[in-house]
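The values are calculated or read from the model by the stated rules, or taken from the named source; none is laboratory data. It should be emphasised that the depicted structure is a prediction, and the values quoted were computed from it without experimental measurement. Glycine also receives a Cβ, built like all others from the backbone with ideal geometry; neighbour counts cover every protein chain displayed.
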Amino acid sequence: MLRHWGIPVELWPLRLRVGWWDIAAALLVFGAMAALIWTGRKVAAPFTLGQPVSISLDAMLLPEYALRTTLRMFAALAASLLFSLVYAAWAVKLPRAGRILIPLLDILQSVPILGYLSITITGFIALFPGRLLGVECAAIFAIFTSQAWNMTFSLYQSFRTVPADLVEAARMYRLSPWHRFWRLEVPFAMPSLIWNMMMSMSGGWFFVVAAEAITVNGQNIMLPGIGSYIALAIEQRDLHAVGYAIATMLVVIAVYDQLMFRPLLAWSAKFKAEAVEGESELSSWFLTMVQRAKLIRGLAALARALVELSRRARGFLTALVRPVRREAALPADLDRWLGRLLDIALSLLALAGGFLIWRYVSGEVALAEAVRVLLLGLFTALRVAALILLASLVWVPVGVWIGLRPQLAQRVQPVVQFLAAFPANLFFPVVVLAIVHFRLNVEIWISPLMILGTQWYILFNVIAGASAIPTELRHVCANLGVKGAVWWRRVVLPAIFPAYVTGAVTASGGSWNASIVAEVAKWGDTTLVATGIGAYIAHSTEAGDFPRIALGIVVLCLYVTLFNRLLWRRLYNLAAERYRFD
Amino acid sequence: MPSDLMTLEGISKSYQTPDHIGRLVLDQINLRLQEGEIVALLGKSGCGKSTLLRVMAGLVPPNAGALLYRGQPVREPVRGIAMVFQSFALFPWLTVLGNVELGLEALGIPRGERRRRAEAAVDLIGLGGFEGAYPKELSGGMRQRVGFARALVTEPDLLLLDEPFSALDVLTASTLRGDLIELWLERRIPTKGILIVSHNVEEAVELADRIIVFSSDPGRIRGEIPITLPYPRDAAHPAFRQIVDEVYTLLTTAPQRDDLRRPAKREAIGLGYRLPNASIQRFLGLIEDLLAAPHNGRADIPVLADQEALGMDELLPMIEALELLGFTHTAKGDIEVTGSGRAFAEADMLERKRIFAEHLLHHVPLAAHIRRVLDERPGHRAPEERFLRELEDYMSEEEAATVLETVINWGRFGELFGYDYHSGVLSLEAA
């Protein structure tokens, strides 16, 4: 085949005949490029700590703010992707490192993102003195911390479960480690990675307000973006502005859902080994457009040509993904000793870390306060447990009802996905107003905020679980006349149990993290505070009280980990053992 | 004299069990593959034949012995040796052409040539027109054709086939076999030698110049049968049938089980005997069929396999189980129902269970052992781990689980003991 500028010559005559899809695609590509360049210039503007960045509640500015926020989110998503690929590859290819890397991830995941933000912000500002870039980086980093971990877990899980026969085939045909990584391991991981990216994106929105309106040492910095807009609207009690923000978010989420995630999901179906029975094929108009547009096909050919060229210079990157051979070649005794040495070193390091935290915290905080923080954690734990229970009582019947009606389920699923992506903190003003207006108990009525965004995972999974109940089983029930309580207890609840647990785990984790945002709600000068560890951390962050932030985070991590180990893991095992269809 | 493609001298392979006692899978294998021959490896499932194939492929390193490909030692997959997998092992996200090109891509062959050679291989194997299809769009037979094209495109000297036809239906398998043998005989592929692992005796006799029969525990070469029949071979021909008979005889009279022929020595099997994983319902059906016409209590094993439409890997464990329990007696490729076997088959359900329980206690030490332990314990209960630990002294963790599962199934049928799946507890209460 002849080629010209990397594009197969056969494509040339076709390329000159421009079709409608080509115009639309070109507009989108150039538009995205222009937006990138334009914001890039703005970000580089000089900035000294103390000089306020002006944010206005003018609705005309919202598109710009939305664009900036979205770019931040995607920058964080790209960073998360890169981080996840490297981290998961290391954890799998170096089993010895994986032993520590994975638990580490477990902890990183349970640290609330506000914790990361308050600890790292000063460092980022110092890195780029006098520039907005430092704050920008801190915000992106904060969003990153709300997105990365579940993606990393999903990749790690996938890398470990690559089918053995494919691994053997790859070895047999002598693919290089680099080649194997991109041709086997990454494609295999793709479908679940994309699902997790979607979830990460939703999680990111929730914290965007916190990440863009940052308080450093009692000083307020607001980055131009939709998060700051919302923060300002809340501060100035501007209900119209909140309404505009909600409308803008709806549009933004709809756009990237249509332009990015639906196409990605539809595309990733090809990485699944077998189509699962009953699973509907996702379709995406955008993907169809991309696949049909000749211009984009040409670009793809160009990209392939570039990849072909770049294969020569990749020695450094190969080192990242190469399984370590030397380790295996060591004599067994020496190997064991090295392992033990590493264990000891790590343990010492961990001990030193623990000691440092203890010294740091105990210098400032009395033992009585530590006990009080533990108690605060208990309050939040009660709140989370009660909310999950409540949400389950509501959404399980609804989910089952929808799930047993396949056509309805197909129409409802995208809506639920959309709701999950919608940042719940936009509804905070409504809740605060209601509490103040009806003089409700803050401790109780502020709690629903924690689960506003995460309850959808329960609904989503229950729908999926109910629609997966085999038709024969339902026919048997009809045939035997199984109805009412027996039907629920013996048929439906066991059948949806695994899916329900998956949803509830996600919802619970999200609620813990959300507690920091949700236990303190503001509307102008009105601040409602519930008793809980989330409020404690939020308060310490505002005061710039680092020892107390550290204490709060440690205790929160403790609770999350306990919750996971004692409750969810057991339910998970139970689900995997007993209630599944083979 | 034809030159050697591959030589194996004293190849041994053992796997580590959790308590660091190695379990020998391959014991002192000596084998010589010459140019121009097709060799078939036959044996029960789990006899190590697939491990041997992987050793030869360079995928699994042996613990001892020398492995030479054209005089050069093999330590990892080398150029010139290609493999076709039982499960096809296609990359679902690559098209037919993409899958076929993969091996060439790894060799660093430029794009244009890659495409040309892949297209040629795809045409050769009869996949023309499907170049752009994804594996999930194809039927099993077509998928395995992709597997063959992917192997052949690298122009291998030696083709290793790991039960390549066993995931296909009978008709598809025979078509594909026919196509392969045609390519081979007409020298349309540059391949110099083929080694096929199989559990289908007729398939091996149809294809091979030489059949090597494996015995298990540990895997050893039990015997070798050369085949000089001209191709294409007719499965109905008396000479063909005779070779099939010969292979079955060799398979069912492995040396370490000679003691089982003599009733007086039946107790010779120990606690750690790897019970064949056979379902009671199926061997019950088998013994009933054996008693009925036309067999009337005695049958030629290949004929039986054919009639029951059972592969060797399915039939042999059933025969072994029946033999073990003293319900049948096997000699020279024939199987005969014993007196107690007849009584067992002709009894009603309750009586059947009684006979079965009696034979189980008498002939299977593991069953007797479990019953004794449960009888002695005050609560008449014991966790399964207790027995698993004991079995793991003799075999791998995985095998121990399989053996225990088999004995639990048999014990439940005989109502010797019960088992609770969720708690994993064995008890005297019937489950």
task = State all residues of region A:163-209 that are facing chain B (nearest Cβ under 9 Å), under 17 Å from A:A269 (Cα atoms) and either part of a loop (DSSP other than H, G, I, E, B) or touching a residue at least 60 places away in the same chain (Cβ under 8 Å) (or both); if no residue qualifies, say none.
result = A:P187, A:F188, A:M190
request  = Within region A:532-571, work out how many residues are of a type in the set (S, T, Y) and closer than 20 Å to A:A210 by Cα.
outcome  = 3
key: Flag for B:L426 being assigned to a helix (DSSP H, G or I), more than 19 Å from B:L284 (Cβ to Cβ) and in contact with a strand residue (DSSP E or B) (Cβ under 8 Å, 6 or more places away or on another chain)   = no
query = Among the residues of region B:409-423, which ones are within 14 Å of chain A (Cβ to nearest Cβ) and either surrounded by 13 or more Cβ atoms within 10 Å (Cβ to Cβ) or in contact with a His (Cβ under 8 Å, 6 or more places away or on another chain) (or both)?
reply = B:D420
task = Give the residue that is farthest from A:A142 (Cα to Cα), with candidates limited to residues of region A:227-237 that are modelled with pLDDT of 85 or more and surrounded by fewer than 19 Cβ atoms within 10 Å (Cβ to Cβ).
result = A:Q236
key: Residue that is surrounded by the most Cβ atoms within 10 Å (Cβ to Cβ), among those in region A:516-536 that are modelled with pLDDT of 85 or more and assigned to a helix (DSSP H, G or I)   = A:G534
message = Pairs needed: first member in region B:26-43, assigned by TED's automatic domain parsing to the domain that holds B:P156 and more than 18 Å from B:L183 (Cα to Cα); second member anywhere, assigned to a strand (DSSP E or B) and aromatic (F, W, Y); C-beta distance under 7 Å; at least 6 residues apart or different chains.
response = B:L41/B:F214; B:L42/B:F214; B:G43/B:F214
task = Would you mind stating whether A:V373 is modelled with pLDDT of 75 or more, under 30 Å from A:D257 (Cβ atoms) and either of a type in the set (D, E, K, R) or outside any loop (DSSP other than H, G, I, E, B) (or both)?
result = no
inquiry  = Given the condition of a type outside the set (A, V, I, L, M), more than 10 Å from chain A (Cβ to nearest Cβ) and outside any helix (DSSP H, G or I), answer yes or no: does some residue in region B:107-118 qualify?
reply    = no
inquiry  = Need a quick list: helices (runs of 4 or more DSSP H) entirely within region A:1-116 having at least 3 residues that are at pLDDT below 55 and more than 25 Å from the chain's Cα centre (by Cα).
reply    = A:11-16, A:20-43
query = Out of A:I469, A:I458, A:I451, which single residue is outside any helix (DSSP H, G or I) and touching a residue at least 60 places away in the same chain (Cβ under 8 Å)?
reply = A:I469
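Table: residues versus (1) over 28 Å from A:V415 (Cα atoms); (2) surrounded by fewer than 19 Cβ atoms within 10 Å (Cβ to Cβ).
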position: A:V430; (1), (2): no, yes
position: A:V436; (1), (2): yes, yes
position: A:N441; (1), (2): yes, yes
position: A:T454; (1), (2): no, no
position: A:L459; (1), (2): no, no
position: A:I463; (1), (2): no, no
position: A:A466; (1), (2): no, no
position: A:E472; (1), (2): yes, yes
position: A:G481; (1), (2): yes, yes
Pairs, first of a type in the set (S, T, N, Q) in region A:553-582, second modelled with pLDDT under 80 and buried (at least 19 other Cβ atoms within 10 Å of the Cβ), C-beta under 7 Å, six or more apart = A:T561/A:S110
ask   = When region B:296-309 is examined, which residues are found to be in a loop (DSSP other than H, G, I, E, B) and modelled with pLDDT of 85 or more?
value = B:N296, B:G297
query = Which is in a helix (DSSP H, G or I) and at pLDDT 90 or above, of B:L195, B:L171, B:L176?
reply = B:L176
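Rundown of residues vs (1) modelled with pLDDT under 85; (2) surrounded by 19 or more Cβ atoms within 10 Å (Cβ to Cβ); (3) of a type in the set (A, V, I, L, M, F, W, C); (4) more than 25 Å from B:V84 (Cβ to Cβ), yes/no style:
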position: A:R160; (1), (2), (3), (4): yes, no, no, yes
position: A:A164; (1), (2), (3), (4): no, no, yes, no
position: A:R180; (1), (2), (3), (4): no, yes, no, no
position: A:A189; (1), (2), (3), (4): no, yes, yes, yes
position: A:W195; (1), (2), (3), (4): yes, no, yes, yes
position: A:G203; (1), (2), (3), (4): yes, yes, no, yes
position: A:V208; (1), (2), (3), (4): yes, yes, yes, yes
position: A:A211; (1), (2), (3), (4): yes, yes, yes, yes
position: A:G218; (1), (2), (3), (4): yes, no, no, yes
ask   = Which number in (1) surrounded by fewer than 23 Cβ atoms within 10 Å (Cβ to Cβ); (2) over 17 Å from B:S216 (Cβ atoms); (3) touching a helix residue (DSSP H, G or I) at 6+ places or on another chain (Cβ under 8 Å); (4) more than 8 Å from chain A (Cβ to nearest Cβ) marks the one condition that B:S45 misses?
value = (2)
inquiry  = Looking only at region A:498-540, how many residues end up being aromatic (F, W, Y) and in contact with a Gly (Cβ under 7 Å, 6 or more places away or on another chain)?
reply    = 2
query = Of the residues B:A347, B:A357, B:A305, which is surrounded by fewer than 22 Cβ atoms within 10 Å (Cβ to Cβ) and either closer than 17 Å to B:L291 by Cα or not assigned by TED's automatic domain parsing to the domain that holds B:Q281 (or both)?
reply = B:A347
task = Among the residues of region A:247-263, write down those that are within 20 Å of A:F427 (Cβ to Cβ), touching a helix residue (DSSP H, G or I) at 6+ places or on another chain (Cβ under 6 Å) and at pLDDT below 85.
result = A:I253
query = Where residues in region B:63-94 are within 14 Å of chain A (Cβ to nearest Cβ) and among the charged types (D, E, K, R), which of them is surrounded by the most Cβ atoms within 10 Å (Cβ to Cβ)?
reply = B:R79
message = Go through region B:217-232 and report how many residues are surrounded by 17 or more Cβ atoms within 10 Å (Cβ to Cβ), assigned to a loop (DSSP other than H, G, I, E, B) and out of contact with any Leu (no Cβ under 7 Å at 6 or more places or on another chain).
response = 2
query = Going through region B:48-62 one residue at a time, which ones are within 13 Å of chain A (Cβ to nearest Cβ) and part of a loop (DSSP other than H, G, I, E, B)?
reply = B:G58, B:L59, B:V60, B:P61
Test: A:L223 is crowded, with 21+ Cβ neighbours inside 10 Å, aliphatic (A, V, I, L, M), within 14 Å of another protein chain (Cβ to nearest Cβ) and in contact with a helix residue (DSSP H, G or I) (Cβ under 8 Å, 6 or more places away or on another chain) = no
